[in-house]
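Visitor: Have a look at this one before I ask anything.
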């Protein structure tokens with residue numbers, strides 16, 4: 001008898017739970033808002049859905065009633081038939097709010113069981129929000145300070161085989177219509193979400209054919225461009241920009257208007273305008289690669305053969321000994337210094353420049369002073385490059401091009417000054433070394449940017465070239481002073 005009473009009591013206690021678990025209801029008003037409390041703009045009109053899902057086997061005949069306090073909702077009721085477990089229905093609704101706190105309640109009854117969902121709308125008269133646009137960005141919303149802001153280098157529609165050989169770029173892969181990534185970072189109260197609207201226009205005001213969907217690889221997508229909507233931003237959101245065709249065709253300057261609308265609002269709380277520039281560097285890359293391949297490399301080969309044919313055994317031994325000295329005292333510790341100086345960001349050359357410029361140029365000044373002959377620096381550079389290939393176990397085409405351009409600029413400047421024609425005075429050695437080094441660095445950076453589709457800011461290039469040239473001048477001065485000591489040691 002007691003067991004029957006206990007079973008009856010358990011049945012009565014568990015019956016409401018069983019009924020409540022038969023159906024689940026969610027209020028996603030506005031769209032995407034799953035929380036129970038939403039901050040909204042006063043007098044806003046919100047769109048969203050009421051989602052009903054079956055939690056049991058068998059058919060459920062459901063009737064839903066929507067009750068709004070201090071607001072109006074449409075529709076006020078609807079019916080749905082859920083035929084099996086996890087069967088669901090989503091019904092669009094519209095809620096009109098006033099200037100005070102409102103509550104929306106959904107009551108769903110299915111086969112005698114019921115479920116209730118509530119949503120509280122709290123109006124905010126003031127929205128304190130800050131927006132930062134990071135362009136170009138990576139997938140982590142980071143910006144390299146060396147780059148020019150709001151400037152994108154796009155992939156050309158055709159990449160010549162010479163450029164593919166240098167950069168080791170494959171034929172396939174990637175999005176040929178990708179312009180780049182843009183990050184929208186919102187600084188606001190935690191838990192608030194926003195929708196960003198980006199409107200792209202040409203300088204004449206006409207809509208620009210830019211979108212956040214790849215229409216080239218997915219032509220079945222709707223042809224919507226000129227305006228992009230980025231929903232549910234909380235913190236930051238990274239979005240791609242595409243052009244309906246090859247991105248190279250998008251070269252130009254565009255005006256971008258950014259509107260930020262809070263979730264649950266119909267009016268923007270932030271409005272700003274900025275400009276983006278799209279650049280294609282195929283022509284520059286081809287020109288620089290052709291110059292290096294067909295001018296600098298033949299010049300380097302000529303200088304090497306000329307030096308080998310006219311040099312004495314002592315000259316060859318001197319170049320062969322200077323190369324490992326440069327490699328050991330400059331390149332190996334310099335690689336470590338690059339990592340140490342990374343914390344300085346775009347001014348990392350302040351750390352590694354001590355080795356790559358001051359120490360290296362001191363040794364180069366000593367080499368030219370002791371062996372003032374055309375081709376001596378080319379031989380030293382070539383032997384050092386061979387050591388680098390053997391030590392690191394890899395040889396890239398672009399490193400060979402950099403080697404050739406360095407030999408051309410340094411040797412040309414020293415020959416014109418007369419330093420390698422038997423007159424190695426201080427001015428004839430130091431000035432062309434510093435000027436040739438500055439020009440060589442600039443050309444190497446421009447070549448690197450063109451080949452790998454980068455765009456460094458003008459201030460960064462200027463500070464890098466000038467700053468490293470100061471280090472180079474100091475090194476040339478020290479090298480000239482120590483050349484006498486080294487000459488004495490060689491004679492002994």
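Every read-out reported here was derived from the displayed coordinates using simple, explicitly stated rules and does not represent laboratory data. None of the values given here were measured: they were computed from a predicted structure. Methodologically, a virtual Cβ is constructed for each residue, glycine included, from the backbone with ideal geometry; neighbour enumeration extends over all protein chains shown.
Visitor: Taking the chain as the reference, fit the longest principal axis to its C-alpha atoms, fit the long axis of helix 360-370 to the helix C-alpha atoms, and give the angle between the two in degrees, 0 to 90, nearest 10.
Guide: Between helix and principal axis, roughly 10 degrees.
Visitor: Can you show me the helix-derived [θ] at 222 nm for the chain, built from DSSP H runs with n ≥ 4 at -39,500 (n - 2.57) apiece and divided by the number of residues, rounded to the nearest 500. List each step's numbers first, then the result.
Guide: Working: 12 runs with 188 residues, N = 492.
Taken over the chain, the calculation gives -12500 deg cm²/dmol.
Visitor: If you fit an axis through the alpha-carbon atoms of helix 2-20 and take the longest principal axis of the Cα set of the chain, what angle between them do you get, 0 to 90°, nearest 10?
Guide: Helix 2-20 sits roughly 60 degrees off the main axis of the chain.
Visitor: To continue, here is another question. How do 373, 119 line up, fewest other C-beta atoms within 10 Å first?
Guide: Working: 373 21, 119 25.
The fewest-first ordering by Cβ neighbours comes to 373, 119.
Visitor: Next question. For Cα Rg over 2.2 N^0.38 Å, pick the label among [x] 0.97; [y] 1.50; [z] 1.34 that corresponds to the value derived from the coordinates.
Guide: Working out Cα Rg over 2.2 N^0.38 Å from the coordinates points to [y].
Visitor: Find the relative contact order for the chain and round it to a whole percent, using C-alpha pairs within less than 8 Å whose residues are 6+ positions apart.
Guide: Working: 943 pairs, mean separation 62.2, N = 492.
In percent, rounded to a whole number, it is 13.
Visitor: For 318, 347, what ranking results if the residue with the fewest other Cβ atoms within 10 Å of its Cβ goes first?
Guide: Arranged by neighbour count, lowest to highest, 318, 347 become 347, 318.
Visitor: Which three extents, in angstrom, do the Cα atoms of segment 21-134 have along their principal axes, listed largest first?
Guide: Dimensions of segment 21-134 along the principal axes of its Cα atoms: 51, 37, 19 Å.
Visitor: Continuing with the same structure: Extending each Cα 7 Å along its Cβ direction at residue 185 and residue 120, get the distance between those two points in nm, one decimal.
Guide: It works out to 3.3 nm between the two label points.
Visitor: Compute the distance from the alpha-carbon center of segment 60-106 to that of segment 381-402, in whole Å.
Guide: Here the answer is 70 Å between Cα centres.
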